[in-house]
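Only the coordinates and a few stated rules stand behind these numbers; no lab work does. Given the structure is predicted, the values throughout are model-derived calculations rather than measurements. Here the Cβ positions follow ideal geometry from the backbone for every residue, glycine too, while neighbour counts run over all protein chains shown.
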Amino acid sequence: MTRRKGLSLLLLDAIGACLLAGAFLTAAWLTFVHNEHATVEVNELTELISTATQDLKALQTAEERQRAILKERQSELTAGGQLPAKIQIEEYFQTLSRLAAQHNLRVIRHNPLASRSYPGLLEQRYVYEVIGTMPDLARFFKAIEDAEFWADVSYLKIDGGRRNSGEPTDERVASLTISLFSAARAESASESG
C-alpha cells in the first residue's frame, strides 16, 4: 500500500510538474512570442492613429479655408446686396422716371414684355423709351448704371429725332429693354400679376 501511495504521490507530483511546466511555457509564450505579435499590432495601431491625426489636421485646415471663403462670400453679398424676392415695379419705374426728368429727358412709353424664368431667378422685361439730347441720354445711362437696382439694360437703340416739319433736331429717341431680376418663381409672379 505504501508503494501504491508512493506511486500516487509520484503521479501527482508528475502531473503537478507537467502543469507547472505548461504554466511556465504559457508564460514564456505570452511574454516572448505573443508579445511580439502584440507589439506589431500596437505599432500598426500607432501608425493608423498617426495617419488619422494627419487627416484630421488636413480636414480642419480645409474647414478653416471653407469658412474663410464663406465669410468672404457673405461680406460680398452684404456689400452688393441680395437679390430681392419680389420686384417693386412701380417704385422702380417712378425712380427711373425721376432719373429721366433729372437728366432733361421725356419718357415716351414703358410697356411690359414677356417674362423669362430661370432656376431660382425671374427676369421681368420692359420696353422703356425716352427722348432728349445725346449728352443727356449718356448721363441718364450712367445714372441707371450707378443706381442700386437689380436691373440691366439688355437692349438699346438710339434713333435720330425729326420734328413734325421734317427738319432735323438734336434730340434722340432711346429705346431700352430693361430687365428686372428677382429671386421670385415665375408661378408666383404670374399669380400676383
State, to one decimal in nm, how far the label point of residue 9 lies from the label point of residue 71, with both points 7 Å from Cα in the Cβ direction.
-> 8.7 nm
Could you order peptides 48-54, 154-160, 133-139 by the average number of other Cβ atoms within 10 Å of their residues, highest first?
-> 133-139, 154-160, 48-54
Length gained, residue 86-residue 17, 0.36 nm per residue minus C-alpha separation, equals 15.4 nm
Listing 153, 130, 42 from the residue with the fewest other Cβ atoms within 10 Å to the one with the most, what is the order?
-> 42, 153, 130
